[in-house]
Amino acid sequence: MPLASPRSGPGSERQVAAMVAVFSAPFTPVQSVLPALRERGYAVLTPASVAELCGGSSAAFDALAPSWNDLALDNYLRDGGNYRRRRHSCFVVDAAGIEQAPHRAHWQSEEYNALHGGMRRWFESIRAETIAQPAWPRLLRALAAEFTALSGVERWFVEAHQFRIDTSDGIGRPTPEGAHRDGVDYVAVVLVGRHGIKGGETRVFEAAGPDGQRFTLLEPWSMLLLDDARVIHESTPIQPLDGQGHRDTLVLTYRRGAFQGDD
């Protein structure tokens, strides 16, 4: 997988383009998402393609964004940092619809998260008004349909994570555990926004090989899809451009059979 070509980012991030190479995301047309996931284990979608996949508009997703201003501090960071805020809720998605599961702890084994594995981490649930936005069920159902087409699995156990990584500590780490798999079947990483930062480069590597890809998601509602068995991923630390900045993402994991920790 070759490296993408460098380009400068929009807005204030152009200020650092001359100092830091920003590699373009290798975007995949909607009709090529399934072939890309089959062939290389990941696909990257533009905001327009995400809207097309979900049968809505990019503007519909904007109604979700304000809820990232109301996330609770993550008190489980073992590196002692205060740079991560989050909310977490779980859903079961199948052809019949979406059912929100009773609030539960987030759990991963140490095999998949060497830093925070083995802990039952209780986070504040995603607010009801966020889940009630029309874009929310459209996104969950659209991704379930894609992953069902890939695998034949018709019932998915979905964990949703709202993240804000900020630079209150001088640096913020989107993936303090390093390059990792999540212990699920598929992962969607949606960029909600970047404000006053540099860094936050996405890196995707073959789980069983030496090749990888690096790029930076810059546009709100662009999305990375991952086959968790075939690739590992990470995001590099962020630093402020001037004052404090932050990076907001929505991470959705899809797993067959059960939520992690239940089987």
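The values are calculated or read from the model by the stated rules, or taken from the named source; none is laboratory data. Predicted model only: the values in this text are computed from it and were never measured. Here Cβ is always computed from backbone atoms with ideal geometry, including for glycine, and neighbour counts include all displayed protein chains. These accessible areas exclude ligands, DNA and RNA; they are computed on the full protein's heavy atoms, side chains included. Shrake-Rupley method; radii C 1.70, N 1.55, O 1.52, S 1.80 Å.
Whether any residue in segment 146-153 is in contact (Cβ under 8 Å) with a residue 12 or more places away in the chain and loosely packed, with under 14 Cβ neighbours inside 10 Å is what I want to check. Yes, segment 146-153 has at least one match. Here Thr148 meets each of (1) under 23 Å from Arg194 (Cβ atoms); (2) in a helix (DSSP H, G or I) with one exception, condition (1).
State all residues of segment 163-212 that are modelled with pLDDT under 95 and on the phi > 0 side of the Ramachandran plot; if no residue qualifies, say none. Of everything in segment 163-212, those that are modelled with pLDDT under 95 and on the phi > 0 side of the Ramachandran plot turn out to be Gly170, Gly178, Gly183. Examine segment 56-67 for a residue that is touching a Lys or Arg at 6+ places or on another chain (Cβ under 8 Å) and polar (S, T, N, Q), and state whether such a residue exists. Checking segment 56-67: at least one residue is touching a Lys or Arg at 6+ places or on another chain (Cβ under 8 Å) and polar (S, T, N, Q).
No other residue among Arg164, Arg173, Arg214 is more than 22 Å from Leu71 (Cβ to Cβ) and touching a residue at least 12 places away in the same chain (Cβ under 8 Å) apart from Arg214. Just one of (1) in contact with a strand residue (DSSP E or B) (Cβ under 6 Å, 6 or more places away or on another chain); (2) among the small types (Gly, Ala, Ser); (3) open to solvent by 10 Å² or more (accessible area, probe 1.4 Å) trips up Gly172, so point out which. Just one mismatch for Gly172, condition (3). Can you tell me which condition Val50 does not meet? The list is (1) touching a residue at least 40 places away in the same chain (Cβ under 8 Å); (2) outside any helix (DSSP H, G or I); (3) in contact with a strand residue (DSSP E or B) (Cβ under 7 Å, 6 or more places away or on another chain), and all the others hold. Of (1) touching a residue at least 40 places away in the same chain (Cβ under 8 Å); (2) outside any helix (DSSP H, G or I); (3) in contact with a strand residue (DSSP E or B) (Cβ under 7 Å, 6 or more places away or on another chain), only one is false for Val50: (2).
Has segment 27-36 got at least one residue that is surrounded by 16 or more Cβ atoms within 10 Å (Cβ to Cβ), among the polar types (S, T, N, Q) and touching a residue at least 60 places away in the same chain (Cβ under 8 Å)? Within segment 27-36, none of the residues are surrounded by 16 or more Cβ atoms within 10 Å (Cβ to Cβ), among the polar types (S, T, N, Q) and touching a residue at least 60 places away in the same chain (Cβ under 8 Å). Considering the conditions (1) within 17 Å of the chain's Cα centre (by Cα); (2) of a type in the set (Asp, Glu); (3) farther than 22 Å from Phe259 by Cα, Asp182 is excluded by exactly one of them, (3).
For segment 178-224, which residues satisfy the criterion of being open to solvent by 30 Å² or more (accessible area, probe 1.4 Å), in a loop (DSSP other than H, G, I, E, B) and under 26 Å from Gly245 (Cβ atoms)? Ala179, Glu219, Pro220 - these are the residues of segment 178-224 that are open to solvent by 30 Å² or more (accessible area, probe 1.4 Å), in a loop (DSSP other than H, G, I, E, B) and under 26 Å from Gly245 (Cβ atoms). Among the conditions (1) under 19 Å from Glu110 (Cα atoms); (2) over 13 Å from the mean Cα position of the chain (by Cα); (3) modelled with pLDDT under 95, the only one that Arg230 does not satisfy is (3). Could you check how many residues of segment 236-257 are modelled with pLDDT of 95 or more and of a type in the set (Gly, Ala, Ser)? Matching residues across segment 236-257 total 2.
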